[in-house]
1. Give me the pairs: first residue in region 101-118 and open to solvent by 40 Å² or more (accessible area, probe 1.4 Å), second residue modelled with pLDDT of 90 or more and part of a loop (DSSP other than H, G, I, E, B), beta-carbon distance under 8 Å, and six or more apart or on different chains, which are they?
2. Got a sec? Which of 29, 21 is at pLDDT 95 or above and closer than 19 Å to residue 119 by Cβ?
3. Checking residue 84 against (1) touching an Asp or Glu at 6+ places or on another chain (Cβ under 8 Å); (2) over 17 Å from residue 32 (Cβ atoms): exactly one of these is not met. Which one?
4. Give the residue that is modelled with the lowest pLDDT, with candidates limited to residues of region 75-101 that are more than 13 Å from the chain's Cα centre (by Cα) and of a type in the set (A, V, I, L, M, F, W, C).
5. Taking region 44-90 on its own, how many of its residues are among the β-branched types (Val, Ile, Thr), in contact (Cβ under 8 Å) with a residue 60 or more places away in the chain and more than 21 Å from residue 14 (Cβ to Cβ)?
6. Among (1) under 24 Å from residue 133 (Cβ atoms); (2) buried (at least 17 other Cβ atoms within 10 Å of the Cβ), where does residue 79 come up short?
7. Could you tell me which residue of region 91-100 is farthest from residue 71 (Cα to Cα), considering only residues that are out of contact with any Gly (no Cβ under 6 Å at 6 or more places or on another chain) and in contact (Cβ under 8 Å) with a residue 12 or more places away in the chain?
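The values are calculated or read from the model by the stated rules, or taken from the named source; none is laboratory data. This one's a predicted model, so the numbers in the text were calculated from it and none came from an experiment. All Cβ positions, even for glycine, are placed from backbone atoms using ideal geometry, and neighbour counts span all protein chains on display. Please note that ligands, DNA and RNA were not included when accessible areas were found on the heavy atoms of the full protein model with its side chains. Shrake-Rupley method; radii C 1.70, N 1.55, O 1.52, S 1.80 Å.
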Amino acid sequence: MELLVERKWCKPDYTIGRLYIDGEFFCDIVEDTVRDISKGKCTKIVQHKTAIPYGTYQVSVNVPSPKFDGRSDYKSVCGRYHVPMVMNVPCFKGIRIHKGSSASSSSGCLIVGNKSSEAGRVVDSEAVFKKLYPILLKAEIDDKKKIELTIVNKNVAGNSQSTLSCVNNADLEFAKNLGHVSGGDGLTHQGKF
């Protein structure tokens, strides 16, 4: 199963993107701020306020979560399995895909929901998570499929609210060196968002 997050609007305090499952739009995503953590230097990470690097990662619902496993709101959805974990993220630990409302709910994680009229937020996050989780569970547990998440930058032409770039060449080179991004990826790395 292929998950794709297109980061579309990178702002100083948050990042908004879109999640696709096997090429079909599924929901919106809110994340923390994209920062340059190139060349393996994790020192530019602002704890609980930095989005994970661009790249491709494996996702699993079969990795325990000390933070979420005991919460009844997740247990009722996940049952004996766990909140989806994004595996082997450089410079980060415990990255999950979960519900919330804004980057303040994130700590590097991907927050699912629907587009909000309020900047930097998603709505209906619990309902969206309840819809997403069985899809991931079926893919990994029932169908024995590998779930891969790829995070890319997608320039939104004409969005002049900010000129903050979602990625720079050093961050892309770091991802390439880790084997997360292949050459000739066709991504737009600079532009207005």
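1. If the second residue must be modelled with pLDDT of 90 or more and part of a loop (DSSP other than H, G, I, E, B), the pairs left are 107/32; 114/124.
2. On the way: 21 fails: closer than 19 Å to residue 119 by Cβ.
The unique qualifying residue is 29.
3. It is condition (1) that residue 84 fails.
4. The residue in question is 91.
5. 3
6. Going through (1) under 24 Å from residue 133 (Cβ atoms); (2) buried (at least 17 other Cβ atoms within 10 Å of the Cβ) one by one, residue 79 breaks only (2).
7. Filtering region 91-100 for residues that are out of contact with any Gly (no Cβ under 6 Å at 6 or more places or on another chain) and in contact (Cβ under 8 Å) with a residue 12 or more places away in the chain, the one farthest from residue 71 (Cα to Cα) comes out as 91.
Yes/no matrix, rows are residues, columns are (1) under 16 Å from residue 57 (Cβ atoms); (2) open to solvent by 30 Å² or more (accessible area, probe 1.4 Å):
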{"site": "85", "(1), (2)": "yes, yes"}
{"site": "96", "(1), (2)": "yes, no"}
{"site": "148", "(1), (2)": "yes, yes"}
{"site": "154", "(1), (2)": "no, yes"}
